[in-house]
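The values are calculated or read from the model by the stated rules, or taken from the named source; none is laboratory data. Here the structure is a predicted model, which means the values were calculated and not measured. When we count neighbours, we look across all protein chains shown, and the Cβ atoms used for this are built from the backbone with ideal geometry, even at glycine.
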Amino acid sequence: MKNAERTSRVQVKTLFLLFIFGDFLTPKLRSRIRSAIRKIWWMYSSDRKEALKRCKLARGFGWQCEKCKTATKKPEVDHIEPVGSGSWDGIIERMFCSADKLQVLCRECHKGKK
């Protein structure tokens, strides 16, 4: 495991423990912690980068949406299985999933999924 990814997992576990045992936290603070976990994933996930490589088009034309097959300059990496539902152990497990459980979508397809 790479150092950056190991560091990010430690940070996520720390935030996760704070989130679980922080019953005194306000909903706003809980939301901020959840956002911090997502940002760590976005910055350090090698699987996210691998999913983007899978859809990269030649000669700088951007990425290809895996759903509608159109080219996009601003791809959105999406978890195929929703992250935010179920047990907290499951949330972390689904957040840091392998590249085959991620899909690269254009903005329109990603918005249509929600």
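A few points about this structure:
- Cys106 being surrounded by fewer than 14 Cβ atoms within 10 Å (Cβ to Cβ), modelled with pLDDT of 90 or more and touching a strand residue (DSSP E or B) at 6+ places or on another chain (Cβ under 9 Å): no
- Under the condition of being modelled with pLDDT under 90 and more than 13 Å from the chain's Cα centre (by Cα), the residues counted in the stretch 63-87 number 3.
- Subset of the stretch 15-39 that is β-branched (Val, Ile, Thr) and surrounded by 13 or more Cβ atoms within 10 Å (Cβ to Cβ) - its residue that is modelled with the lowest pLDDT: Ile33
- Residue in the stretch 59-68 that is closer than 18 Å to Val12 by Cβ and either surrounded by fewer than 14 Cβ atoms within 10 Å (Cβ to Cβ) or not acidic (Asp, Glu) (or both) present: no
- Qualifying residue in the stretch 67-76 (condition: touching a residue at least 12 places away in the same chain (Cβ under 8 Å), within 15 Å of Trp42 (Cα to Cα), in contact with a Leu (Cβ under 9 Å, 6 or more places away or on another chain) and assigned to a strand (DSSP E or B)): yes
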